[in-house]
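What follows draws every value from the coordinates through simple rules; no lab data is involved. For clarity, every value in this text was computed on a predicted model and none was experimentally measured. Glycine also receives a Cβ, built like all others from the backbone with ideal geometry; neighbour counts cover every protein chain displayed.
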Amino acid sequence: MMFQTIFVICMSVLTLSLVIALVRMFLRSSSLSDRVLLIDSISYIIIGIIAILSMLTNTRAYVESILLIGILAFLSTISLCRFIERGYVIERKRDR
């Protein structure tokens, strides 16, 4: 019973941080790099919410979705940072 209360408190804190991150992203973000970092933090907040939901329901069914979101968040952060830095994501060398 006590663990469920702690899980609900953690879920509400993560939901509040998700709302704050979304408000900051749509209303107050000034640069593209801020938005990339906010997308990264939003994805990890969602991973935390799914992990707590998995512990709350006592199932391992959400582990694959947690891993998938983590991999996609990492790859999107890397590709967006490369785009900001270089102007393109994939370098193509054509020798013709």
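A simple charge model with +1 on the Cβ of Lys and Arg, -1 on the Cβ of Asp and Glu and nothing else charged puts the dipole of the chain at about 400 debye relative to its Cα centre. The calculated Kirkwood hydrodynamic radius for the chain is 15.4 Å, given to one decimal from all distinct C-alpha pairs. To the nearest ten degrees, helix 32-57 and the longest principal axis of the Cα atoms of the chain are 30 degrees apart.
Of the chymotrypsin sites (Phe, Trp or Tyr not before Pro) found in segment 1-60, none is in coil by DSSP with at most 13 other Cβ atoms within 10 Å of its Cβ. Extension gain for S30 to C10 (0.36 nm times residue separation, less C-alpha to C-alpha distance): 4.3 nm. Think of it as helices only: each DSSP H run of n ≥ 4 in the chain is worth -39500 (n - 2.57), and spread over all residues that comes to -26500 deg cm²/dmol at 222 nm. For segment 1-94, trypsin sites (Lys or Arg not before Pro) meeting the loop criterion (DSSP other than H, G, I, E, B) and having at most 12 other Cβ atoms within 10 Å: R60, R92, K93, R94. At full extension, S76 and T57 could sit 3.9 nm farther apart than now, given 0.36 nm per residue minus the alpha carbon distance.
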